[in-house]
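The values are calculated or read from the model by the stated rules, or taken from the named source; none is laboratory data. Note that the coordinates shown come from a computational prediction; the quantities given were computed from them, not determined experimentally. As a convention, Cβ positions derive from the backbone with ideal geometry for all residues, glycine included, and neighbour counts pool all protein chains shown.
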Amino acid sequence: MALLETIGLVKRFGGLTAVDHLDLQVNEGEICGLIGPNGSGKTTVLNVITGIYKNDGGKVIFNGKEIHILTPHEICEHGIARTFQNIRVLGSQTVYDNVRLGLHIQTKSDLFNIIFNTKQVREENERIRKIIEEALDIVGLRKEKNEITKNLPYGKQKVLEIARAIVAKPKLLLLDEPAAGLNTAETENLMEIVRNIRKRGISILLIEHEMAFVGGLTDKVYVINYGKKIAEGTFNEIKKNPSVIQVYLGTKGDE
Amino acid sequence: MSLATLIQLIFQGLNMGLIYALAALGISLIWNASGLFNFSQGDLLTIGGYIMLTFFSFLSLPYPVAFLITIVIMGIAGYLLSKGYFYPMFQQNFNPQIILIGTVALSVFIRNSVLLTWGPNAKTYTNPFGSKPLALFGVNLMPHYFWNIVIVAVLVLALQMFLKGTVIGIAMRAVAQKPVAASLMGVKVGQMISLTFLLSTGLAAISGILIAPIIPLTPEMGGLLAIKAFAAALIGGLGSFGGALVGGIIIGIAEVFFATLVTSTYKDVFIFAVLIAFLMIRPGGIFRADISEKV
Amino acid sequence: MDRKGLKKIIALIVVASMTFFLITGCSGSKESGEANKGSGEGKTQVLKIAHLAPLTGSAASYGVQIVEAAKMAVEEINAAGGFTGPNGEKITIDYTEVDETSNSAAAIDAAKNAVSMNPHVILGPNRSGGVLAAHKVWQEAKIPAITDATSAQTTKQGNPYTFRMQISSEYWIPILVKTAVEKYNIKKPAVIYGLNDYSKANWVATEPAMAKYGLKPVTVQTFNDGDQDFSAQLVAIKNSGADSIFLYGYTPECGKIIRQRVELGMGNLLVFTERASTDPAAVEIAGKENFEGVVTSTTLSPGDPDPKIQEFIKKFESKYHRTISATHVNHYDSVYIVKSIVEKVGLDREKIREELSKLNNYQGVLGVYSADKEGNLVHHMYTQVYKNGKWELLLEETYPVQ
Amino acid sequence: MGKIFDTIKNNILIVIALLLALIPVIGVPSYQFYIIERGLQNAIIVISLVILLGYTGQLSLGHAGLLATGAYTYGILVVSYNVNPWIAFLIAPIFTALIGALLGIPSFKLTGPFLVVTTIALGEIVRILILNWEKLTGGPYGLTGITSIISNSKLMFYLILIIVYFISVATSRLSVSKIGLAFKAIKEDEVAAEVMGVDVKRYKLLAFTISSFLAGLSGAIFASLTGYLNPDSFTFADSATFLLMTVLGGMSSVPGAILSSLAVTALPEILRFMARSRMVIYSLVLLLIIRYSKQLSSVKISKFFLKKKNKEDLVVGGGE
C-alpha cells in the first residue's frame, strides 16, 4: 500500500503552473527520488505535500488520509518531516536545541508543569535528552552538541537538519537536495546516514541533482519537467528513457 | 448635510490629509532605501518647522531664503544622522527591531531638544499665502489649501522623476531593492542610504515649513501627527509614494467626516480601527507593499 | 577564576551598585538645608520651597510660566536680604524647581523627590491629575502645598494640606455666562471643550449656569489635547445655528479653535473662554485680528488700570522679555503669601498650614486672597474683552468666601 | 574564589532578590524606596516584553494600553465594586490577558512595522476609551481612592519582590522549555517551526496572552502603588520606554530586564539635578545605549547572565 500518494496535484503561481496534475506514490519502506531540471517544480511539490503551499487541485493522501487540507504543523503530526534546500536551522540556538525542536510534538509538558518545574517535566527532559543524543550519534554531531548552530560548517548544518527531522519519528522523510554543496566524503557519509534512517522504518522521498547519490539510494525515481511527470521507474530504467535524456540529462553539464 | 458643508469638509479633510501624506512620504522614502520604519519622521518635521521659524520669524530673512536654508540644514542633518547613527547599525547587522527602537528614542530626543532650544510655548508665523479665507458659494477656503495641493503634487512628481530618471535616483532604487547586488555593481550602499535620509529630512523640512502657519509649532506636535502618518503610509502601501498620498488623504477625509457625522470624541479610535481592519484584510495596503521581505 | 570572569563580576557589581547607590545615595546631601531648622536667634534661617511644575512634556508651557513668576518673587525677596521672622531672625528663601513631566504617575515621583528635600512649603503641581495622584505624598509628610490651575476636584479630596490658587469654576463660569447673556445678549450658545480634567470640569459648571437663564447649549463638542483640526466640531457648531461659543481647553487648542473659526467663516460667532486664552501664546497662534471680540474670564487682566498691576507687568516683561499671562501671576503672589505667613509664625509647617487655611483678605500684589473651607485661595475675577489688539477690562467681581 | 563567582553567576536571580530584600531593612528614604518599587513594577512589564520580543520576536508598542487595562481593572473593581483587593488583583491580569490575546490575532498575518503600528493603534484605542468612558474610569478626572493590596508599604515591597522573583524563575524555566523553544523557533524561522510541528498561530497567541497577563499584573501593582489612575500615564511614550528597557536589558535576559528596569526608572530621577535638560540627556543616553547595544550586550553585562548555551541569544543584532 502506498504511504504517500498524490493524485492529479496542481499548484499554480499566477499564470504559471508549477505542478501540473502530478501523480506520485511512495510505498512504505521505500526511498524514492524526485528529479528534474532546475525550476521543474520539485521543491514546490515538497512544499505542497508539507502544507507550506495550498494546492490548487488534486489530492495528497498520506497513510489513507487527505492531508492537503491540513496546516503544516498538523501534517507534521501525521508523520511527515522534511529538510530544506536552503538549510533552515535555528542559527542562534544550540545544536541540541535544534534537534529538540524536532521533538516538539512529542513533548507533552504544559505551561503549568513548566512553571512549577514538576517531576513530569524533569523526567521528560531526561527522556528527551536520550533521544536527542541518540539522534546526534546517528548523524555524528554528538561532540558539537552545545555549539551554536551558525558556527558549524555547512555540511554539519545539513545533517543537523536531518537529525532534527528524524527525532520527530516521521513515517515519511522528505529531503530537499541533501547532498548539494557537500564534498565527496561528506556525500558518502550522508548516504550511509540515509540508509540508516531507512533501517529505522522511515520511508524517504528525496530531491537530488547528484546522480550518484540518487542512483546509490533510490528504489524508484520520478522525473518531472515543468511540473509534469515525464518518467518513473528505477534509476537504471529512467537513465535510458529517451525523454529523460532529452530534457534532463542534457542539462547535467550544469551540475 | 448641505452641499456647501460637504465641500467644506472635503477641503478640510484634504488639508489635513496632505499634511499626513507629507509625513508618510518621508516614511516611505526611508523604508524603500533601508527597510527602516522611521518613527521619528513626525518630529523631524517639527524641527524643520522650528528652524524655519528661527530664520524667517526671528532673523527676519526673506521667505525663500529661509526656506532654502532650512532645507539645506535639515538635509545635512539627515545625512549626518544616517552616516553617524543608523548606517553603522545596518552595517553591523543589528537586529532591525533594535534600529526601529532607535528611531523611537530619536523621537524622544528631538522632542526634548526642541523644548530646550525653543521653549515650550506654541509658536507660529505669518502665513505667506494669506490668512483671509476666500468665501465661494458658502464654502470658506484658505489660500494655503490650494497651494499645499500644488506643492505636494509637485513634490511627489519631482521625487518620482528623481528616482526614475537620474543616475543617483536609480542607484538609490537599486540599493532599496537589492542591496547586495547593488554593492557588487559598485553602488556605495551606505552613501545611498544616507542620501535617502537626506532626501527624507529635506522633505520633513518642507513639510514643517508648510505646516507651521496652519498648525502652531509645539515640541510635542509630531506625536499625534506621526501616528496618523504611519496609518497613512500603511493604508496607502508602505514604500509607495502614490500610496502615501492616497493614504494621507483618505485618513484626513475619513477623520473629518467621522467626527462630523458620528462623534469627534472617537475619531482617532475610528481611524485606528479602520487601519487594523484594513491591514488584516489587505496587509500590503492599497498599492500593495511587499511585506514579506523586509522587517 | 580567569581575568575575563573577574571582569564580568566587576561589571555586575558596578551595575548593581550603580542602580542601588545612585538611588539611595542622593538622599543624604539634601538634609543640609534642614540644619538651620533650630530657632537660633539672629542667625539666618532658610525657608525651603519646592516647586512642582511640568517643565517637560505636553504642559511644559505652563510649567515655565509659573516657575518664572515664582522665581521672580523669590529673587526679589532674597535680593532684599530676605525677611524677618517672628523672633527677629533673618529668613532667606531656598527655592527648587522639580519637574513633574506633565504626567500624573511622574508627579508622584516628583512629589516624593520634593518631599525628600524636606521643604516647608510645596508649590504645585500645576495639573489636576498630578495633584490627585500625589496629594497623599505631602499629606503624609505634613507639608502644605499650594497648587495652581487645577480643577475643583483637587481641593475636594479632604486633604487639609492642599490649597488652590484658582477660583472654582462653579464661581467664574456663572460670571462668564452672565456677561454673555447680559452684555452680549446671546441666545444660542454652543460649547466646545477639551477632554482633560480641567476643561471637563468647566463644562460641568457651564450647564447649570446656562440653565439659570433658561439657556441650553445647542450643541456640545469635544476635542482631544493635541488635536490640530477642529473643522468637524466647528462645522457642527455652525450648522447648529449657534450665536456664540463657550470654549474651554489648554492654550494651544484655544488659539487654534479661535483662528479656525474665522477660517471657516464663523468670525461673527462670539467666543467666551477662559484664562488659558489670555495666554499671549493663544493670541499669537490665533492671530491678533482673529482674536478681536473674544471675551475671557481671568485672574489677571493686563487691561486692569490698577497701578500695582501695571507696575508688575512692566517688571515682569522687562525681566523675561515675554508678555504676561494670567496663568503665572498667582504664583508670584503665592510666594509672598508664604512669606507673610512665615513672618508671623516662623518655619513650622503645621502653623503655616493653619495660617493658610485661615487666610483672610490678604492683600497680595495682584489681588485679594481668602481661604474657603476647601482651601481655595483666589476669589477675585476679571472679565475682559480683546479689542483693537488689547485687553479691555469688562468687569471685576469678588467671590464671597463661605 | 572562583567558586564563589560561579555560585553568584548561577544564582544571579537569588542574589539580586536578596540584595533587593535588604532595602526595607536598611531603611531607604520614602522617595528612593518608591522609585525602586516602581522599578520592580516596571520589571514585570519588561519581562512580559522579554517573552514577547526577546523570545518570540513580536514587537509591541502598545503595552502601555495593556498596563492601563490591568491598572484600571484593579482600580475599578476595588473602587466602584468594592471587590476585595486580593480578588481584584487576580482578576486584573486575567482580564488583561483576554484583551491582550486580541493583539495576537493581527500577528498571524502582520510582521515588522505593520504589526508595530497595529499595536500602537490598539494601545491608543484603549487609552481613548478609558479617557471617554467616564462613568467607569473617571475619564479625564482619573480614578481616585484606590486602596492598595497591602497597606503596609514594607510588606507591599516584599510582595512585589516575591512576585518579580517568582515571575523571573518561571520565565527562565519557560525559556528553556518546549514552549520557550517554540517561541524562539518562531522568532528565527516561522516556516521551520511550523514544519516541525509548532502550531505557530497558537504559540503566538500564547506569547501575547502570557505577555498581557504579566502586563496586567504590572498594571494592578501600579494602581496599588499610586492609588490614583489617569489616562495620561499610559501613552505611546510609556510603551516606548518599556521597549527601551527591554533592549537595554539584552532583550532576552530576565536578570538583565530587572536591572535595566531599575536603572531606566531611576535614570530620570538621578538626572533631576540637570533640571530642564534632564530629558534631553536621558534620551541621549538611551540613543547611545541602542547604538552600542551590540557591543554592550555581547561584551559585558548581559552576557554574564546567560548560561553558556544561550549566549548567542543576547547578541541582539543576531541577524534575521
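List of remarks:
- Qualifying residue in region C:344-367 (condition: under 26 Å from residue C:277 (Cα atoms), in contact with a His (Cβ under 8 Å, 6 or more places away or on another chain) and without any contact (Cβ under 8 Å) to a residue 60 or more places away in the chain): no
- Among the numbered conditions (1) part of a helix (DSSP H, G or I); (2) buried (at least 24 other Cβ atoms within 10 Å of the Cβ), the only one that residue C:126 does not meet is (1).
- Any hit, region B:193-210, residues being farther than 17 Å from residue B:39 by Cα, buried (at least 24 other Cβ atoms within 10 Å of the Cβ) and at pLDDT 85 or above: yes
- Selection count where residues are of a type in the set (Gly, Ala, Ser), within 11 Å of chain C (Cβ to nearest Cβ) and in contact with a helix residue (DSSP H, G or I) (Cβ under 8 Å, 6 or more places away or on another chain), scope region D:1-42: 3
- Hey, residue B:257 at pLDDT 90 or above, assigned to a helix (DSSP H, G or I) and either over 21 Å from the mean Cα position of the chain (by Cα) or farther than 20 Å from residue D:114 by Cα (or both) or not: yes
- Some residue of region C:102-115 being away from chain D (no Cβ under 13 Å) and either without any contact (Cβ under 8 Å) to a residue 24 or more places away in the chain or among the basic types (Lys, Arg) (or both): no
- From the options B:175, B:246, B:180, residue that is out of contact with any strand residue (DSSP E or B) (no Cβ under 7 Å at 6 or more places or on another chain), away from chain C (no Cβ under 14 Å), surrounded by fewer than 20 Cβ atoms within 10 Å (Cβ to Cβ) and in a helix (DSSP H, G or I): B:180
- Taking the conditions (1) under 29 Å from residue B:95 (Cα atoms); (2) buried (at least 23 other Cβ atoms within 10 Å of the Cβ); (3) within 10 Å of another protein chain (Cβ to nearest Cβ) in turn, residue B:219 satisfies each one other than (1).
- Residue match in region A:7-25 (condition: more than 14 Å from chain D (Cβ to nearest Cβ), in contact with a helix residue (DSSP H, G or I) (Cβ under 7 Å, 6 or more places away or on another chain) and under 17 Å from residue A:82 (Cα atoms)): no
- Pairs, first free of Cβ contacts under 8 Å to residues at least 40 places away in the same chain and farther than 21 Å from residue B:15 by Cβ in region B:150-164, second surrounded by 13 or more Cβ atoms within 10 Å (Cβ to Cβ) and basic (Lys, Arg), C-beta under 7 Å, six or more apart: B:163/B:173
- Condition broken by residue D:179, with the remaining ones in (1) in contact with a Pro (Cβ under 9 Å, 6 or more places away or on another chain); (2) away from chain B (no Cβ under 14 Å); (3) among the aliphatic types (A, V, I, L, M); (4) under 23 Å from residue D:46 (Cα atoms) satisfied: (1)
- Among the residues making up region C:57-76, those that are more than 14 Å from chain B (Cβ to nearest Cβ) and in contact with a strand residue (DSSP E or B) (Cβ under 6 Å, 6 or more places away or on another chain) are C:70, C:74.
- Cβ pairs under 6 Å, 6+ apart, first in region B:1-17 and at negative phi, second surrounded by fewer than 24 Cβ atoms within 10 Å (Cβ to Cβ) and among the aromatic types (Phe, Trp, Tyr): B:11/B:145; B:15/B:145
- In region D:136-153, the residues that are part of a helix (DSSP H, G or I) and modelled with pLDDT of 90 or more: D:136, D:137
- Odd one out for residue B:170 among (1) surrounded by fewer than 17 Cβ atoms within 10 Å (Cβ to Cβ); (2) in a helix (DSSP H, G or I); (3) in contact (Cβ under 8 Å) with a residue 12 or more places away in the chain: (3)
- Scanning region A:179-191 for any residue that is facing chain D (nearest Cβ under 9 Å) and not charged (D, E, K, R) turns up nothing.
- Filter result (closer than 26 Å to residue B:212 by Cα, modelled with pLDDT under 90 and surrounded by 23 or more Cβ atoms within 10 Å (Cβ to Cβ)) within region C:287-306: none
- Selected residue [in contact with a Phe, Trp or Tyr (Cβ under 7 Å, 6 or more places away or on another chain) and either more than 14 Å from chain C (Cβ to nearest Cβ) or under 23 Å from residue B:213 (Cβ atoms) (or both)] from B:61, B:80, B:115, B:45: B:61
- Restricting region A:79-124 to residues that are surrounded by fewer than 17 Cβ atoms within 10 Å (Cβ to Cβ) and assigned to a helix (DSSP H, G or I), the residue that is nearest to the other protein chains (Cβ to nearest Cβ): A:111
- Elements of type strands (runs of 3 or more DSSP E) in region C:194-303, at least 1 residues being away from chain B (no Cβ under 14 Å): C:244-248, C:270-273, C:295-298
- Among the residues of region B:52-65, the one identified as in contact (Cβ under 8 Å) with a residue 12 or more places away in the chain, surrounded by fewer than 22 Cβ atoms within 10 Å (Cβ to Cβ) and aliphatic (A, V, I, L, M) is B:53.
- Residue selected from region A:131-184 under the condition in the same structural domain as residue A:30 (by TED's automatic domain parsing), in a loop (DSSP other than H, G, I, E, B) and free of Cβ contacts under 8 Å to residues at least 60 places away in the same chain, by the criterion surrounded by the most Cβ atoms within 10 Å (Cβ to Cβ): A:179
- Which numbered condition residue B:39 fails, given (1) more than 10 Å from chain D (Cβ to nearest Cβ); (2) buried (at least 23 other Cβ atoms within 10 Å of the Cβ); (3) not small (Gly, Ala, Ser): (1)
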